[in-house]
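Colleague: Quick one: the structure is below, questions incoming.
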There are 2 protein chains.
Amino acid sequence: MEKSGEFSASHFPADHARWPLSGNSDWFVPRGSPAEMEEGSELSPKFDPEGLVTCVATDAMSGEVLMLAHMNAEALIKTIATGEAWYFSRSRKMLWRKGESSGHVQRVVEMRVDCDQDAILIKVEQRGEGACHTGRRSCFYRAVPLGPKDHGPLALEFRQAERIFDPRAAYGDQKKR
Amino acid sequence: MEKSGEFSASHFPADHARWPLSGNSDWFVPRGSPAEMEEGSELSPKFDPEGLVTCVATDAMSGEVLMLAHMNAEALIKTIATGEAWYFSRSRKMLWRKGESSGHVQRVVEMRVDCDQDAILIKVEQRGEGACHTGRRSCFYRAVPLGPKDHGPLALEFRQAERIFDPRAAYGDQKKR
């Protein structure tokens, strides 16, 4: 396992050879053919041009989708190694341990990778009240009305949107962690 | 509802004013403050620099995560208007109606948007056998082993990975649709 301090919070390039991860640099293998990516048993994440894969986190018990975020190589390695969710914030351009300010840590029960290995699914035990920095259990608390409609903005409907914790108390000035 | 033919399959810019969607151009409102995005009842999708939002599709009955894909403005509008899932393929750079070649259409039972409106969740009734172009029910058929590990590639474990349809028969040469 990596020692803390071996990682910098810098944005990792998608180029494997340049990862400064001496202990973990061979966890991922280079990308191969589509068939190898889909049917192989080695992890070859397909990072986008920003060096990120998308990650969806669900509640391991209920299956509810809690949130969607991104991981760079470092976040993915840290999540695998520690069994706790780490993400990369696109807006703050930094590595982010879920719960580092709120205490709402996500313990990863199971991690899955999708067919072409550009998306990660983690089934988590959500510690603390909720995953969403707005104080809700899930980030997906508004429904979009479906069906044809002529003009004007769509009116979102709040569903399961009750606040279960006070985001100001949980996060203070450090939002979304 | 838009007439088919009003849309081109071109990649939509994130700039709302330039959308050639006469009938639907005011469905989305311009982005406001974080509080307005999080607590408002208007849809203001936060498209990335490529003009895309991420979309996770779950089985409306079981809650199982089926797949993760992307939508541009056109795909999002078509999905809302028709109640069937449309995506934008990043690799093929084109709009894509799920099931258009395989028949494995996704009827959208409910659509949700997340707190900062850069991700969409659709709960779908998956028509046909499965969502994954490899012949599986879900794209997430391999687990990543967790925990510290010194060296060497991680060995993925196949889970719920049985093929429930023949992808060659379903897709022919037109993959992933």
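Derivation of every value follows stated rules applied to the coordinates shown; laboratory data play no part. All values reported here derive from a predicted model rather than from experimental measurement. Cβ coordinates were reconstructed from backbone atoms using ideal geometry, including for glycine residues, and neighbour counts include every protein chain displayed.
Colleague: Return the loop-located trypsin sites (Lys or Arg not before Pro) in the stretch B:115-146 (DSSP other than H, G, I, E, B) with at most 16 other Cβ atoms within 10 Å of their own Cβ; answer none if there are none.
Modeller: Answer in residue order: B:127.
Colleague: What relative contact order, as a whole-number percentage, does the stretch A:16-164 give when Cα pairs under 8 Å and 6 or more residues apart are counted?
Modeller: The value is 19 percent.
Colleague: Can you work out ³J(HN,Hα) from phi for every residue in the stretch A:68-74, in order, using Karplus 6.51 cos²θ - 1.76 cosθ + 1.60 and θ = phi - 60°, giving whole Hz and x for Gly and Pro?
Modeller: Working through the residues one at a time gives 10, 8, 10, 10, 8, 4, 5 Hz.
Colleague: How large is ³J(HN,Hα), in whole Hz, for each residue of the stretch B:107-115 in order, when computed from phi with the Karplus curve 6.51 cos²θ - 1.76 cosθ + 1.60 and θ = phi - 60°, using x for Gly and Pro?
Modeller: Running phi through 6.51 cos²θ - 1.76 cosθ + 1.60 with θ = phi - 60° gives 8, 7, 7, 8, 10, 10, 10, 8, 3 Hz.
Colleague: Moving on to the next point. Let me know the volume per residue of the alpha-carbon convex hull for the stretch A:16-164, in Å³.
Modeller: 166 Å³
Colleague: Measuring from centroid to centroid over Cα atoms, what is the spacing of the stretch A:30-102 and the stretch B:54-124 in Å?
Modeller: Each part reduced to its Cα centre gives a spacing of 20 Å.
Colleague: Still on this structure, I have one more. Please get the size of the charge dipole for the stretch B:16-131, origin at its Cα centre, with Cβ charges of +1 on Lys and Arg and -1 on Asp and Glu, quoted in debye to the nearest 20.
Modeller: 560 debye
Colleague: Which residue, B:85, B:115, B:44, has the largest displacement toward the positive end of the dipole of the stretch B:16-131 when charges sit on each Cβ (Lys, Arg +1; Asp, Glu -1)?
Modeller: It is B:85.
Colleague: Follow-up question, since we're still on this one. With a cap of 13 neighbouring Cβ atoms within 10 Å, and only residues DSSP puts in a loop, list the trypsin sites (Lys or Arg not before Pro) found in the stretch A:22-115.
Modeller: Here the trypsin sites (Lys or Arg not before Pro) that fit, given the DSSP loop and packing criteria, are A:92, A:93.
Colleague: Could you tell me which of A:94, A:104, A:170 has its Cα farthest along the dipole of the stretch A:70-173 towards the positive end, charges placed at Cβ (Lys, Arg +1; Asp, Glu -1), taken about the Cα centre?
Modeller: It is A:170, whose Cα lies furthest towards the positive end.
Colleague: Within 10 Å of each residue's Cβ, count the other Cβ atoms and sort B:41, A:44 from fewest upward.
Modeller: B:41, A:44
Colleague: For residue A:26, enumerate residues with amide H under 5 Å from its amide H, sequence gap 5+ or separate chain, H modeled in the peptide plane.
Modeller: B:152
Colleague: Show the residues, 5+ positions off or on another chain, whose built amide H is closer than 5 Å to the amide H of residue A:118.
Modeller: Here A:46 satisfy the definition.
Colleague: Distances over 12 Å make up what percent of all Cα-Cα pairs in the stretch B:23-68?
Modeller: Result for the distance tail: 72 percent.
Colleague: Let me ask you something else. What net charge is computed for the residues neighbouring residue A:140, neighbours being all others with C-beta under 13 Å from the C-beta of residue A:140, Lys and Arg scored +1, Asp and Glu -1?
Modeller: Summing Lys/Arg as +1 and Asp/Glu as -1 gives -2.
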